[in-house]
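Read-outs throughout are calculated quantities, based only on the coordinates presented, and are distinct from any laboratory measurement. If you're wondering where the values come from, they're calculated on a predicted model, not measured in any experiment. So basically every Cβ, Gly included, is an ideal-geometry build from the backbone, and we count neighbours across all protein chains shown.
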Amino acid sequence: MKGYDFTPEYLTKDGKPWFPVMGEIHYSRYPAEYWKESLCKMKAGGVDVVSAYVIWIHHEEIEGEYDFSGSRNLKDFVQAVKDCGLKMILRIGPWCHGEVRNGGFPDWLLHKDFESRTNDEAYFSCVEKWYSKIQEQVADFLCTEDDSSNVIIGVQIENEYGHCGGLWGEEGELHMRRLTEIARKCGFNVPLFTATGWGGAVTGGLLPVMGGYCDAPWDPRTVEIEPSGNYIFTHERNDHNIGSDHGFGAGITFDMSLFPYLTAELGGGLQMTEHRRTVASASDIGAMSLVKLGSGVNLLGYYMYHGGTNPEGKLTTLQESKATGSPNDLPEKSYDFRAPVREYGQISDTLRELKLLTYFVHDYNDEICASKAFIPEDNPLKPADLSGMRYSFRSNGKSGWLFVNNYVRRHSMAPHADVTVAVPENLCGGKITFEKLDIKDRDYFFLPFNMKCGADLIKTAKVSPFCKIADGAVFYARDGETDFSDLFDFADAGGKNEETGRNILVLSRKDALNAWKTASGGLLITEGALIQDASGKDVLISRSSENSSFQVWPPLSEVPAGFVFKGTVSKNLYPQGRDFQFAVYEPKEDSCSCQKECSVNVSELSEKDGCRMYRIDAESAMALLKGKKSGSLLSDCFLRFFYEGNHARLYAAVDGERRLIADNFFSGIEYPWEIGLKRFAGLDADFSALELEIDALSEKDRIYFEKTPPFVQGKCCQLKSFDLEYEFIRVLNP
């Protein structure tokens, strides 16, 4: 059986269980020349399905004038997805939200003599024209129900319909069915049709996908809000009703027994709003993701996985704003989202954190899909309960995993010392207990039971599975673990080899965060990052010569250009495990000398009403980027501003006009505003005379900050410091 489908438990690919990881990127919010680079970064993080909105106002801002050029070239983007070996779910709207002006609708559509998002035939006629234009762009890339070889495996219809606008009840269901009918008529005959299902949204019988965010920057309040329900193990799929008094399944419009538990909008970060400056950390996202996995999710889908920048509008700026009737004000340009891959392509700590789960679900795909979630009744039901122990199991009836979460964003949790957890016999076929677990505040982890590992059967383990290599397995220890001699309880000794030890590698959690799979199936550890480019070559990305060193198993057949071999080191924390000798490579001293060639100079121009203006001279950095030769190690220069204030904006004189090229909402001095300069190398601008504008933040401003800014006489507005960092790329196996 070929193609993509689903059962009530999981997705299928060619008739087999399939657990994918999905990540959202908006092509029209990112420069086309860097699409492949970014898609390869997403793939390195474990993403195998790309999701993307086709944002109507980005393509038809003026009625009848379609723009599919440059970063708006949908056809070229899908080709890039194909070239990078990824699959895709296209979100065709027509309404998307996405923090876009009018939720993505062009202004002209809202000036028609009908109401949008209703069952008016005139509205459907406009949608059909739009769907047809999208289909023209992607016609060559659509999978069919019987053929899984092409790129676009699914289409999402509308977004949050009946939850954020639109119709409810049978009228809403009719609307969704009609949009699906129009999409099929236009040629979208793909295997999977999805619809968002949270908050009372209607789905029209389509495959529902759910969401969950660790905070709510759209919440109108400017105070600390309640603990998120997304840190509680629950069979409830609806984000807004977890632990509520409405009852299980309230606000769900579909029969949950007929569909697998899939997510399309786990927050990969949080977008800054004018009134709430929330900052999502890697642990915030990692703990939430672990809870979803332990609650039975069989698709980890992230919104956003890659940040971006709003494109230039022909008539207006294109961000969501209160001036257009939306509930929030957002930056005019920045859509960074603090995503795993950020606005300028930076690989963040969140990507590393999620990799601990994405590697696992890929390598244990069949076992996870075959397992069901069991959530003990003594789990807390209310998100505000910070003392009860939060845990669950996933099992196929014989083997599985214990999931534990003692992490809630912005809150302290009661510790649980010397805990014994018994696995219910119907989940393991016998008597299994995890003994003497020491669960601290901010801990979150999962542990296997009855896990097959080569010739071994692991009854229980005190370390988490990470991935598979060769005929062995890689695990990682929890932070604070000190006794590595007693990590595993084996049901038998079938895999023990007196000469080489068990084929098990246990890494520290830090090493696991820094571990990446190589193109040949090995494991490379670096403080930089490793991706495979579109041709399949290993590419090391680093911020400085200091974090360009790496350790790799097995050793490379040749020493890469620009590196020296420094010997080997054993990385295995498990004394009875095989002695995995990682080869150590360090860069040559002269391989990254460009730091000496350029600098950034800043001078204050003026101060008025607390607003400060600075002149930025980044000409030498831009000259370095513009003068890059083929094969250059230099990839980008990142200009970082450590400032205090409300907003910061960077202007350049382009074609004789002062143009806003980047902006930022202040969230704290500890979060510098970082701007990748390479995307501006093509601008005909004077980079010796950029202007940085910082406007004042007042104590009277009604804005929520996670940490109170340092006000002086009721205000703050200054550039504290700045620096320039360099990004280098090295092909390890040319």
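So the values come out like this:
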quantity	calculated
Cα-centred dipole magnitude for the range 508-633, charges only on beta-carbon of K, R (+1) and D, E (-1), debye, nearest 20	300 debye
Using alpha carbons only: equivalent-ellipsoid semi-axes of the range 77-161, gyration tensor based, whole Å	28, 14, 11
Dipole of the chain [Lys/Arg +1, Asp/Glu -1 at C-beta], most positive-end residue of 169, 267, 610	267
Spread of Cα-to-Cα distances over 10 Å intervals beginning at zero, given as percent, for the range 153-234	17, 39, 27, 14, 3
Order by protection proxy (mean Cβ within 10 Å, highest first), peptides 127-136, 647-656	127-136, 647-656
Cross-link reach list, aspartates and glutamates versus residue 588, counting only Cα pairs under 14 Å and skipping chain neighbours closer than eight places	546
Rounded, prolate or oblate (a/c below 1.5 giving rounded, otherwise prolate when a/b exceeds b/c) for the range 628-734 by Cα gyration tensor	oblate
Orientation-averaged projected area, Cα convex hull of the range 268-356 (nm²)	6.9 nm²
Cα centroid of the range 386-447 to Cα centroid of the range 1-16, whole Å	31 Å
Residue among 405, 450, 422 farthest towards the positive dipole end of the chain, charges placed on Cβ	450
Charge sum, other residues only, whose C-beta stays under 12 Å from residue 320's C-beta, Lys/Arg counted +1 and Asp/Glu -1	-2
Dipole of the range 479-586, positive end: most advanced residue of 549, 570, 581 [Cβ charges, Cα centre]	549
Cβ-defined net charge surrounding residue 227, 15 Å radius [Lys, Arg +1; Asp, Glu -1]	-3
Quotient of C-alpha Rg and 2.2 N^0.38 Å, computed over the range 552-645	1.79
Within the chain, helix-based [θ] at 222 nm, where runs of 4 or more DSSP H residues each add -39,500 (n - 2.57), nearest 500	-4500 deg cm²/dmol
Residue pairs, from the table 510/720; 41/322; 82/468; 36/468; 459/566; 2/185, whose Cα atoms sit over 29 Å apart	510/720; 41/322; 459/566
More than 29 angstrom apart: percent of Cα pairs within the range 395-552	30 percent
Rg and Dmax of the range 50-204, Cα atoms only, in Å	14.9, 45
Computed E for residue 113/residue 721 - FRET, C-beta separation, R0 45 angstrom, nearest 0.05	0.20
Estimated dipole of the chain in Debye, rounded to 20 [Cβ of Lys and Arg +1, of Asp and Glu -1, Cα centre]	1120 debye
Label-point separation in nm, residue 586 to residue 485, each point 7 Å along Cα→Cβ	3.3 nm
Radius of gyration and maximum dimension Dmax of the range 108-147, Cα, Å	13.9, 42
Rg over Rh [alpha-carbon atoms, Kirkwood Rh] for the range 1-133	1.03
Pairwise centroid distance, computed over Cα atoms, of the range 301-336 with the range 32-63, Å	15 Å
Virtual spin-label span in nm between residue 14 and residue 225, 7 Å along Cα→Cβ	4.3 nm
Segment residue 149-residue 83, length gained on full extension (0.36 nm per residue, minus Cα span)	22.5 nm
